[in-house]
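Beneath this line is the structure, given in structure tokens, with notes to follow.
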Amino acid sequence: MSVAFRRESDDEHMEPKFELPIPPGPNWVTARGLRLTQEQVAALEAIDTAAMDEEAAKKHRRVLRYWRTRLATAELRPAADGETVAFGTRVTYRLNRQEKTVTIVGDDEADPHEGRISFSAPLARAMMDAEIGEAVDFAGKDGAIEIVAIGVVDDEA
């Protein structure tokens, strides 16, 4: 019989389930980021998957693998000195005549709505190693960002 007339199983058309993508580069974390990752792993490990349906259990195990990998590869960075923009600093900057403040953290700890951006974000990369009063290039514009203040982050927050 021709394959054109046979019924294919539904499984043949299902999208494959891949692992959660790991951000490229180092897995730098603040003390807060390390604590949050440890808490996430502990919370996921505490969940009993026996009562879950097969698909939910697979999804849970995939998420747990992601967080275990992130915990295993976490590199706790030393506290910044606050002299220049660096990983773990809170930076107030002026862009387009507006002042904003962000904290530069690891990929998993980043939350732009809370003012935490990843060290790998274009904005953070543009400001790295700058000092107070320095103007840095951003988005193709010379001196687009002016560094107004730099502070050391309280990692317990």
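The values are calculated or read from the model by the stated rules, or taken from the named source; none is laboratory data. Worth saying up front: this structure is predicted, and the values here are computed from it rather than measured. Methodologically, a virtual Cβ is constructed for each residue, glycine included, from the backbone with ideal geometry; neighbour enumeration extends over all protein chains shown. Accessible surface is based on the protein model in full, side chains and every heavy atom, while ligands, DNA and RNA are left aside. Shrake-Rupley method; radii C 1.70, N 1.55, O 1.52, S 1.80 Å.
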Q: Look at the stretch 108-147 and say how many of its residues are out of contact with any Gly (no Cβ under 8 Å at 6 or more places or on another chain) and on the phi < 0 side of the Ramachandran plot.
A: 24
Q) Of the residues that make up the stretch 23-32, is at least one open to solvent by 80 Å² or more (accessible area, probe 1.4 Å), at pLDDT 85 or above and closer than 17 Å to residue 110 by Cβ? A) yes
Q.
Given the criteria at pLDDT 95 or above, touching a Gly at 6+ places or on another chain (Cβ under 8 Å) and surrounded by 14 or more Cβ atoms within 10 Å (Cβ to Cβ), does residue 105 qualify?
A. yes
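Each row is one residue, and each column tells you yes or no for (1) more than 30 Å from residue 47 (Cβ to Cβ); (2) surrounded by 13 or more Cβ atoms within 10 Å (Cβ to Cβ); (3) not small (Gly, Ala, Ser).
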residue: 70; (1), (2), (3): no, yes, yes
residue: 74; (1), (2), (3): no, yes, no
residue: 83; (1), (2), (3): yes, no, yes
residue: 88; (1), (2), (3): yes, yes, no
residue: 93; (1), (2), (3): yes, yes, yes
residue: 96; (1), (2), (3): yes, no, yes
residue: 101; (1), (2), (3): yes, no, yes
residue: 119; (1), (2), (3): yes, yes, yes
residue: 136; (1), (2), (3): yes, yes, yes
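Would you check if residue 20 is of a type outside the set (Lys, Arg), farther than 30 Å from residue 134 by Cβ, outside any strand (DSSP E or B) and at pLDDT 90 or above? First the steps, then the outcome.
Values: of a type outside the set (Lys, Arg): yes; farther than 30 Å from residue 134 by Cβ: yes; outside any strand (DSSP E or B): yes; at pLDDT 90 or above: no.
The answer is no for residue 20.
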Q | Members of the stretch 34-71 that are at pLDDT below 95 and either small (Gly, Ala, Ser) or not in a helix (DSSP H, G or I) (or both) | A | 46, 47, 48, 50, 51, 52, 53, 56, 57
